[in-house]
Amino acid sequence: MKNIFYVSEYRVGKNDDEAIFECFGARTNCAGEATVVFSGEDYLISRAIEIPSDTTVIVDGCMIKLCDGSFDNVFRGNNYVLSEDNPFGFPIEIKPIRNVKILGKNRATLSGPDKNPLMKNYMTGKVEEPLGDFWGWRTLTISLSKCDGFEIGGFSFENARCWTLSFDICSNGYIHDLHFNTDVKNGDGIDFRSGCHNCVVEKITGFTGDDTVACTALRKTAASIPSPSKIYPGEYYLYPMEPTGYITDRTQYECDISDIIIRNVKTCGKHHGIICLAANGCRIYNVEIDNIGEVVAEDMSLCREATVKVYTGYGSGYTKGDIKDITISNVTALYAKNAFYCNAEVENVILENVMNDNGDTLRIDYPDGIVIK
């Protein structure tokens, strides 16, 4: 029988951070698979909940919320070795983890703070809220890196600071039954970064302030990129968004994204519903995108560029066929300018039943390699 730990049993005489830390400490001292349950009253935290391998977290009928003034994830793996001198920069090391599940039931909610801290932006000299991707991976509600085998499902999300869920060098994942309300700069729902493979996304609803589901393979493949300490801060970025970005000697497979299924997504918002984006020699292949639609937005002046977009940019070095073997079916745009837009030279991209509500609207800059059925 699996070991089950209830965080509520550790709350007596402690604040929620202390109770969670003690509960997960007990779980870590217990060998084998285990389940940690959050239930009862809502939980108010000031720092990320770190999940070890072979652990299922169940949030049952309550909210886990970052307290005002905090700057951290709600959940991440316990595999990040952080620098005391630069805790928001690249980790010193990220160790592999496996078999992590974060599951909500009975209207479970994960939330950022109502009031963000004010932090100095060293690129502009201004003091501002840490919102958007310039502020790095601590803006992510859930961050998993180098995780093999994961499941996240059954949540509503509120008060996101940037992307809500992000994965880098992760494989064999199932993401499902999520509702987003992320009206913020770079307010993506789900982001797969370089090195993600064999994942399924389905049954996604809500509003996203940027792309709802993004496959973005952008890590530079060469080991000659500058050392992480010399990259940040730089341009507009204070801290890195991709925790494994410090790994420069990665294989081609660790740079690519492949074998992804995205289906049954019905959202509204800005920018795009689904994107596949590759550059810098990274590749995206073997992707199935099916049953993607839009719902009525409160502000119908919001106009997405495309419901589904396949493209290159945000870096150079794209080669024809770096994006290939993509099947896109049953896409209906309600208010996007295009049901589908592609600006890259792709190979074997198949479109079937892709249209705007009032007729076909496709924008294809390079028709070779695209088949319309």
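Observations
- Residues that are under 19 Å from the mean Cα position of the chain (by Cα) and within 30 Å of Glu128 (Cα to Cα), drawn from segment 52-70: Ile64, Lys65, Leu66
- Filter result (assigned to a loop (DSSP other than H, G, I, E, B), touching a strand residue (DSSP E or B) at 6+ places or on another chain (Cβ under 6 Å) and either crowded, with 22+ Cβ neighbours inside 10 Å or small (Gly, Ala, Ser) (or both)) within segment 305-349: Gly321, Asp322, Ala336, Ala344, Val346
- Residues in segment 73-93 that are more than 19 Å from Pro233 (Cβ to Cβ) and under 18 Å from the mean Cα position of the chain (by Cα): Asn73, Val74, Phe75, Arg76, Gly77, Asn78, Asn79, Tyr80.
- Criterion (within 27 Å of Gly293 (Cα to Cα), over 12 Å from the mean Cα position of the chain (by Cα) and buried (at least 24 other Cβ atoms within 10 Å of the Cβ)) met by exactly one of Leu140, Leu165, Leu110: Leu110
- Residue check, Ile58 under 26 Å from Ser8 (Cα atoms) and buried (at least 21 other Cβ atoms within 10 Å of the Cβ): no
- For segment 80-107, the set of residues classified as surrounded by fewer than 22 Cβ atoms within 10 Å (Cβ to Cβ), touching a residue at least 12 places away in the same chain (Cβ under 8 Å) and more than 21 Å from Asp133 (Cα to Cα) consists of Val81, Glu93, Lys95, Pro96, Arg98, Asn99, Lys101, Leu103, Lys105, Asn106, Arg107, listed by residue number.
- If the condition is being in contact (Cβ under 8 Å) with a residue 60 or more places away in the chain, out of contact with any helix residue (DSSP H, G or I) (no Cβ under 6 Å at 6 or more places or on another chain) and within 26 Å of Lys146 (Cα to Cα), then segment 274-296 contributes Ile274, Ile275, Cys276, Leu277, Ala278, Ala279, Asn280, Gly281, Arg283, Ile284, Val287.
- Against the list (1) within 20 Å of the chain's Cα centre (by Cα); (2) buried (at least 19 other Cβ atoms within 10 Å of the Cβ); (3) assigned to a strand (DSSP E or B), the condition Asn286 fails is (2).
- Pick from segment 8-53, criterion of a type in the set (Val, Ile, Thr) and crowded, with 16+ Cβ neighbours inside 10 Å, ranking: nearest to Pro87 (Cα to Cα): Ile49
- Of the strands (runs of 3 or more DSSP E) entirely within segment 145-221, those holding at least 3 residues that are hydrophobic (A, V, I, L, M, F, W, C) occupy 147-158, 171-182, 197-208, 213-217.
Here is a yes/no grid of residues against (1) modelled with pLDDT of 90 or more; (2) of a type in the set (S, T, N, Q); (3) more than 16 Å from Asp168 (Cβ to Cβ):
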residue	(1), (2), (3)
Ser258	yes, yes, no
Ala279	yes, no, no
Asn286	yes, yes, yes
Asp299	no, no, yes
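The values are calculated or read from the model by the stated rules, or taken from the named source; none is laboratory data. Fair warning: this is a prediction, and the values are worked out from it, not measured in the lab. With ideal geometry, Cβ positions are generated from the backbone for all residues, glycine too; neighbour counts draw on all protein chains shown.
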